[in-house]
Amino acid sequence: MSQLKPHVYFNSSMDSADDWRDALATEFKEFKFSVGDDVEDPDSVDVAIVWTLPEMGFEQFTNLRAILSLGAGVNQLDPKRLPANVPLARLVDATLTRMMVDYAKTAVYRYHRKFHLFERRSRQSSWIYIPPTLTDTTSVGILGLGELGAEIALALRLEGFEVLGWSRTPKALDGIETFTGRDGLQTMVGRSDIVINILPLTEETRNIFSRDLFQYFRECAYFINMGRGMHVVEADLLEAIEAGRVEAATLDVSTVEPLPDDHPFWNHPDILITPHVAGTSIPMTAVPCIAENIRRALAGARLSQQVDRERGY
Ligand code: NAP
Ligand code: GLV
């Protein structure tokens with residue numbers, strides 16, 4: 001139990017402030033916890049723990065030493081609007097990673113074992129035999145081989161799938177063929193029965209799934225988006241499905257969340273929507289990582305998982 005007495009500011013529309021206050025109490029004997037717009041003594045706030053940027057911004061926190069994202073991604077914080085001199089870190093915790101791996105496996109197996117067809121045929125009382133195949137007959141290409149992508153890749157490899165992966169810088173992962181660069185991406189998607197996106201959203205990756213890329217997809221490929229909605233040009237995905245380039249898609253994220261009622265993704269026979277549930281940060285398991293970064297911030301040390309503001313992730 002730390003003897004430090006940090007003043008923590010908390011803001012999230014998704015996470016419970018009470019649960020995070022309770023979790024922090026397991027790490028710090030004494031701490032001040034402020035929530036909402038009316039913060040008493042804002043000059044004394046040391047660290048902000050946030051999912052999204054509060055409307056009032058951070059200007060009043062004149063001595064802020066760190067901004068800690070409650071997610072693995074940081075784009076939702078609009079990093080360009082954050083004070084440039086305050087370090088920003090994302091949250092990487094083992095529970096979130098496990099959940100992401102589980103989600104990827106579930107979505108991949110659903111296509112590999114054709115459950116998406118059987119679900120539809122069940123509604124139609126239609127008994128049509130499709131011979132099952134072993135995992136090594138299905139290839140999975142993953143965009144993003146970071147903390148989450150690498151774990152997903154290794155887990156799917158362990159299940160026997162042929163796994164390919166793409167990242168900005170070269171990677172060596174046991175049993176996984178890796179690619180970089182635009183040519184590498186086109187080659188990889190052209191060899192993948194199932195394409196998974198787990199990239200961070202940056203200026204370089206925004207709209208990466210557009211007509212330009214879908215044209216290189218293998219005919220009747222499956223697409224799983226676990227990254228961010230803004231990685232996808234949604235009209236181009238619909239067009240790719242219409243053209244048979246993409247057979248079906250599982251989308252955990254969308255450009256606008258919640259997905260608007262009148263969005264064409266709803267009720268589309270080839271699209272499964274999950275409401276941004278692939279992975280979530282659970283306070284009691286994630287708090288050691290957050291507490292470690294609070295201690296680092298107070299000591300003036302570099303944060304763990306500190307975001308490179310130039311790179312955007
Ligand atoms: P990470 O550790 O930062 O890894 C990012 C990966 O993407 C790295 O392999 C990186 O390449 C690659 N990358 C970045 N920009 C690229 C580019 N321009 N071209 C090619 N590759 C590029 O991130 P992470 O922890 O794995 O998380 C990834 C994202 O998952 C988060 O940013 C978030 O948006 C999303 N997420 C979604 C959920 C959900 O519930 N749906 C939950 C958690 C996270 P290098 O390795 O070469 O740097
Ligand atoms: C969730 O989307 C996250 O970024 O952790």
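The values are calculated or read from the model by the stated rules, or taken from the named source; none is laboratory data. None of these values were measured; they are calculated from a predicted model. Here Cβ is always computed from backbone atoms with ideal geometry, including for glycine, and neighbour counts include all displayed protein chains. For accessibility, only protein heavy atoms count, side chains too; no ligands or nucleic acids. Shrake-Rupley method; radii C 1.70, N 1.55, O 1.52, S 1.80 Å.
Numbers for the structure displayed
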| read-out | value |
| --- | --- |
| Criterion: open to solvent by 10 Å² or more (accessible area, probe 1.4 Å), under 28 Å from Asp262 (Cβ atoms) and assigned by TED's automatic domain parsing to the domain that holds Val101 - qualifying residue of Arg206, Arg218 | Arg206 |
| Members of the range 256-287 found to be surrounded by 14 or more Cβ atoms within 10 Å (Cβ to Cβ), away from ligand 2 (no atom under 16 Å from the Cβ) and not in a loop (DSSP other than H, G, I, E, B), listed by number | Ile271, Leu272 |
| Any chance Gly160 is small (Gly, Ala, Ser) and buried (at least 18 other Cβ atoms within 10 Å of the Cβ) | no |
| Hey, Leu251 within 15 Å of ligand 1 (Cβ to nearest atom), aliphatic (A, V, I, L, M), at pLDDT 95 or above and open to solvent by 40 Å² or more (accessible area, probe 1.4 Å) or not | no |
| Which numbered condition Tyr109 fails, given (1) out of contact with any Pro (no Cβ under 9 Å at 6 or more places or on another chain); (2) within 16 Å of ligand 1 (Cβ to nearest atom) | (2) |
| Arg98 vs. criteria of a type in the set (Lys, Arg), within 15 Å of ligand 2 (Cβ to nearest atom) and under 18 Å from Gly312 (Cα atoms) | no |
| Helices (runs of 4 or more DSSP H) fully within the range 153-250 counting 3 or more residues that are within 12 Å of Ile142 (Cβ to Cβ) | 181-190 |
| In the range 210-230, the residues that are within 13 Å of ligand 1 (Cβ to nearest atom) and out of contact with any Leu (no Cβ under 6 Å at 6 or more places or on another chain) | Leu213, Ile224, Met226, Gly229 |
| Filter pass, Arg311 being among the basic types (Lys, Arg) and surrounded by fewer than 19 Cβ atoms within 10 Å (Cβ to Cβ) | yes |
| Only listed residue being open to solvent by 20 Å² or more (accessible area, probe 1.4 Å), under 22 Å from Leu259 (Cα atoms) and more than 10 Å from ligand 1 (Cβ to nearest atom), chosen from Ala235, Ala172 | Ala235 |
| Residue identified as of a type in the set (Gly, Ala, Ser) and within 16 Å of ligand 2 (Cβ to nearest atom) among Gly227, Gly184 | Gly227 |
| Residue check for Asn11: over 15 Å from Val287 (Cβ atoms), crowded, with 16+ Cβ neighbours inside 10 Å and not assigned by TED's automatic domain parsing to the domain that holds Leu201 | yes |
| Those residues of the range 129-169 which are away from ligand 1 (no atom under 12 Å from the Cβ) and touching a residue at least 40 places away in the same chain (Cβ under 8 Å), in sequence order | Thr138, Ser139, Val140, Gly141, Ala155, Leu156, Glu159, Phe161 |
| Residue under evaluation Glu292, criteria (1) outside any loop (DSSP other than H, G, I, E, B); (2) touching a residue at least 60 places away in the same chain (Cβ under 8 Å), criterion not met | (2) |
| Residue identified as in contact (Cβ under 8 Å) with a residue 24 or more places away in the chain, more than 14 Å from ligand 2 (Cβ to nearest atom) and within 23 Å of Pro288 (Cα to Cα) among Val74, Val92, Val47 | Val47 |
| Scope the range 180-203; condition open to solvent by 30 Å² or more (accessible area, probe 1.4 Å), without any contact (Cβ under 8 Å) to a residue 24 or more places away in the chain and not hydroxyl-bearing (Ser, Thr, Tyr); matching residues | Gly181, Arg182, Asp183 |
